[in-house]
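Take a look at the structure set out below.
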Amino acid sequence: MDPALASVRAPREEPALGPRTVRLAAIAVLIGIAGGFVAEGLLRFIGLITNLVFFHRLSTALVPPALADLGPEVMAAPVIGALVIGLMARFGSPAIRGHGIPEVMENVLHGDSRIPVRLMFLKPLSAAIAIGTGGPFGAEGPIIATGGALGSSVGQLLRITADERKTLLAAGAAAGMAATFGSPVSAVLLAIELLLFEYRPRSIIPVALAAAAATGVRIVLVGSEPVFDSLPIAQPSGSALAAYVVLGAIMGLAAAGTTRAVYAVEDAFERLRIHWMWWPALGAVAVGVIGWIEPRTLSVGYDWIEGILSGELAGMALLLFVLLKFVSWAVYLGSGTSGGTLAPLFIIGGGLGATIGGAADALWPGLGIEPAVAGLVGMAAIFAGASHALLASVVFAFETTRQPLGLLPLLGGCSAAYLVMLLLMRHSIMTEKLARRGTSVRTEYTLDFLSQVPVREAMSRDLVTLRADQPLGAVRAWLSSAAGGATHQGFPVLDENGLLAGVVTRRDLLGPEADSVLVRDVIKRSPAVIFTDNTLREAADHMVRERVGRLAVVTRQQPLRIVGIITRSDLLSAHERRLRMGDQAERLLAPTVRQRMRAG
C-alpha cells in the first residue's frame with residue numbers, strides 16, 4: 001500500500017464479487033433445494049384437501065374437482081374454505097390476503113426484505129385451503145410468496161445486509177416458481193423484473209443457482225417432462241407472425257381490462273360495511289355458483305391450460321369457460337382471499353388466444369394461423385401485459401412447452417401486449433395495489449448517469465488553496481476582503497511541499513482560535529479524497545459516508561497532489577448534460593408533432 005494513502009480517506013473500492021457473494025450463493029442453493037421440496041409439499045397438500053373435499057378420499061394427487069361427481073353441495077365448499085381463511089387472516093396475519101407477489105414486492109421496497117416467519121406457514125396453508133376447496137387460483141403465486149418468505153427468514157437469521165437479504169428472498173421466490181413449472185430461466189427473469197430491482201452479478205448468481213437447484217429437486221421428484229403438452233409448432237409464415245403480433249396487442253387490451261376489473265371488485269368490497277374477514281366468504285358464493293355451472297372453473301386448472309394448448313378445448317365452449325373462469329377468479333381474488341394470478345391469467349389469455357386464433361383461421365385460412373399457437377401466444381401475452389414481466393413471459397411459455405419455434409411468435413405477441421398495456425395503464429396488476437397505497441414502483445432499469453461520468457470531467461480545476469503555515473489572522477482578513485473567495489465554503493490546505501495536508505471550512509477558519517494560530521492547527525481530520533478515475537456515483541457515495549460536501553481530487557499516482565475539487569453542486573451540474581440531451585430529443589420531435597397537428 002502506498003504510504004501516502006494512509007494519510008487520506010480514499011473511497012471504498014467495491015469489488016464486483018467477493019467471498020460474501022460465494023457464501024450467499026451457497027446459502028441460496030440450500031434455499032433452492034428447500035424451496036423445491038416446499039413447492040412439491042404444497043402441491044401435494046392442495047391435492048390432499050381437494051381429494052378430501054370433492055372426492056371424499058385420502059390422496060395427494062393433484063386432480064381437478066371437475067372429475068368428481070358434483071352436485072349442488074359443491075357451492076358450499078368454497079364458502080367454508082373462505083370462512084377459514086377469513087379467520088386466519090384476522091387472528092393470524094392479514095398479510096395472507098392478496099395475490100402473493102405484490103406483498104413480497106412491498107416487503108422488498110419498504111420492509112428491508114423482512115417477511116414475518118409466521119407467513120412462511122400461514123400463506124401456504126391459507127392458499128392450500130382456498131385452492132383445495134375450489135378457489136380458481138394456481139398454486140404458483142402462494143408458492144412464490146412462500147419461497148420468498150423462506151429466503152427472507154433465513155436472511156433474518158444471518159448477519160447480512162438488507163441487499164443480501166433481498167437476494168435470498170428473490171432466490172426463494174425464484175426457487176418456488178422454478179420448482180412448480182420446471183422453468184428456472186423464466187423464474188430468474190421474473191425475479192429480476194419484479195423483485196430484485198437491479199441487475200448485478202452479486203444478486204443474479206445466487207438467484208440463478210437457487211432456481212437451478214429447485215429445478216433439480218423437481219426433476220428428482222416429478223421428472224423432466226414439460227409441464228404443458230402442446231401440439232408441435234411449425235415455422236410460422238410472415239403473415240402468421242404479423243397476426244400473432246396483432247393478437248398480442250389484443251391481449252394487451254385484455255390485460256388492461258382484467259387488471260381494472262380485479263381492482264374494481266376490490267373497490268366494491270371496500271365499500272361494504274362489514275368486517276373484511278367476511279369478504280372472502282361473499283366472494284366464494286360466486287365461486288360456488290359458477291363452479292356448479294362449470295366445474296372446470298374450480299381449483300388450479302393446469303389440466304385445462306394443457307387442453308387449450310393441445311387443441312382439446314376450442315370453440316364457444318372454450319370461450320364460455322374462459323368468461324366464467326374470469327368472473328369466478330376476479331370476484332374471489334378481489335374479495336381479499338389468499339390466491340394468485342398466474343394460472344388464471346394463463347387460462348384466460350390462452351382461451352381467448354385460441355378462440356381468436358380459431359376464428360381467424362376459419363375466416364382467413366391463408367394467414368397460416370394455428371389456434372394452438374395462438375393459445376400459447378395469448379397465454380404468455382396477457383401475463384406479459386398484466387405483470388409487465390416481458391422476458392419472463394416469453395421464456396416461461398417456451399420452458400413449459402419446449403417448443404423452440406414458438407419463440408418468435410411469443411416475442412412478437414408479448415412485446416405488443418406489453419406496449420399496449422403500458423399505453424393504457426402505468427401500473428401492472430402486481431403494482432397497482434402498491435400504487436394505491438402511495439408507493440410508485442418503477443421497473444425500468446437504466447444505468448445510473450452519475451456512474452457513467454468520471455470525476456475528472458466534472459471537477460473544478462480553479463482551486464483556491466491555503467498554506468498550512470499561514471496564521472488565521474491573515475486568512476480571516478483575506479476572507480473579509482473583496483477577493484476573499486466569498487463563494488467558497490471549503491479550502492484545501494497545502495504543506496510546504498505543495499502536498500495536501502487537509503481541508504478546512506469557513507467555519508473552521510472563523511472559529512474561536514486566536515489569530516496567531518496556524519491553519520494546520522485547525523485541520524480536524526485527514527482529508528477525504530477522490531481519484532480522477534472514480535465516477536461521480538462513487539464520489540457521491542464517498543461524500544455521504546464522510547459527511548462532507550466537497551472532496552479533494554487526486555491521482556492514484558500522487559494521492560497527495562491535489563488536481564481539482566468536486567462539490568455537491570458539481571454533482572447536480574453534471575445532470576445538465578443528461579437533461580440537455582433529453583431537451584434536444586424533445587425539440588427534434590416537436591416539429592413532427594406540429595406537422596401532424598396541422599395535417600389533422
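Taking each residue as 0.36 nm, the span from Ser569 to Phe91 lengthens on full extension beyond its C-alpha to C-alpha distance by 166.8 nm. Could you grab the relative contact order for the chain? Cα pairs under 8 Å, six or more apart, rounded to a whole percent. Relative contact order here is 16 percent.
Go ahead and run the numbers for FRET between Ala234 and Ala362, Cβ-Cβ distance against an R0 of 22 Å, rounding to 0.05. Taking R0 as 22 Å, the efficiency between Ala234 and Ala362 is 0.75. Please work out whether the range 314-419 counts as rounded, prolate or oblate from its C-alpha gyration tensor, where a ≥ b ≥ c are the square roots of the eigenvalues and a/c under 1.5 means rounded, while otherwise a/b larger than b/c means prolate and anything else oblate? Because a/c hits 1.5 or more and a/b fails to exceed b/c, the range 314-419 counts as oblate. Cross-link partners for Lys433 among the lysines, with Cα-Cα distance under 24 Å and sequence neighbours closer than 8 places in the same chain left out: Lys123, Lys166, Lys325.
Legend: Rg and Dmax of the range 236-369, from Cα coordinates, 16.8, 57 Å. In this structure the amide hydrogen of Val529, modeled in the peptide plane, comes within under 5 Å of the amide hydrogens of Arg9, Ala10, none closer than 5 places in sequence on its chain. Ligands, DNA and RNA aside, Arg260 has an accessible area near 130 Å² when probed at 1.4 Å. Modelled label positions at Leu157 and Arg525, each set 7 Å beyond Cα in the direction of Cβ, lie 3.8 nm from each other.
In nm, what is the difference between 0.36 nm times the number of residues separating Ala474 and Leu518 and their Cα-Cα distance?
Details: separation 44, 0.36 × 44 = 15.84 nm, distance 0.97 nm.
That works out to 14.9 nm of additional length.
Using every pair of separate Cα atoms, the Kirkwood estimate puts the hydrodynamic radius of the range 181-224 at 10.8 angstrom. The slack in the chain from Arg537 to Glu198, taken as 0.36 nm per residue of separation less the alpha-carbon distance, amounts to 120.4 nm.
How big is the Kirkwood radius of the range 105-211, worked out from every pair of different alpha carbons and given in Å to one decimal? Don't skip to the answer; put the middle values down first.
Values: mean 1/r = 0.0735 Å⁻¹.
Result for the range 105-211, one decimal place: 13.6 Å.
Distance between the C-alpha centres of the range 370-397 and the range 143-208: 22 Å, rounded to the whole angstrom.
Which of the chymotrypsin sites (Phe, Trp or Tyr not before Pro) found in the range 41-77 are loop residues per DSSP with 11 or fewer other Cβ atoms within 10 Å of their Cβ? Display every interim value, and only then the final one.
On the way: sites: Phe45, Phe54, Phe55; in loops: none.
Answer in residue order: no site qualifies.
Shown here for the range 142-223: trypsin sites (Lys or Arg not before Pro) in loop regions (DSSP other than H, G, I, E, B) with at most 14 other Cβ atoms within 10 Å, namely Arg159. Dividing the summed helix terms, -39500 (n - 2.57) for each DSSP H run of n ≥ 4, by the number of residues in the chain produces a 222 nm estimate of -19500 deg cm²/dmol to the nearest 500. Figure legend: label point modelled 7 angstrom from the Cα of Ala242 along Cα→Cβ; residues of the range 361-377 with amide N under 19 Å from it are 361-371, 374. If a spin label sat at a point 7 angstrom from the Cα of Leu447 along the line to its beta carbon, the backbone N atoms of the range 16-45 nearer than 20 Å would be those of 16-17. Given R0 = 51 Å, the distance between the Cβ atoms of Val289 and Ala26 translates into a calculated FRET efficiency of 0.50.
In square nanometres and to one decimal, what's the mean projected area of the convex hull around the Cα atoms of the chain? All intermediate terms of the calculation are to be shown ahead of the outcome.
Values: hull surface 144.8 nm².
The number I arrive at for the chain is 36.2 nm².
The values are calculated or read from the model by the stated rules, or taken from the named source; none is laboratory data. Every value quoted in this text rests on a predicted model; they were computed, and no experiment measured them. All Cβ positions, even for glycine, are placed from backbone atoms using ideal geometry, and neighbour counts span all protein chains on display. Keep in mind that these areas ignore ligands, DNA and RNA; they rest on the heavy atoms of the full protein, side chains included. Shrake-Rupley method; radii C 1.70, N 1.55, O 1.52, S 1.80 Å.
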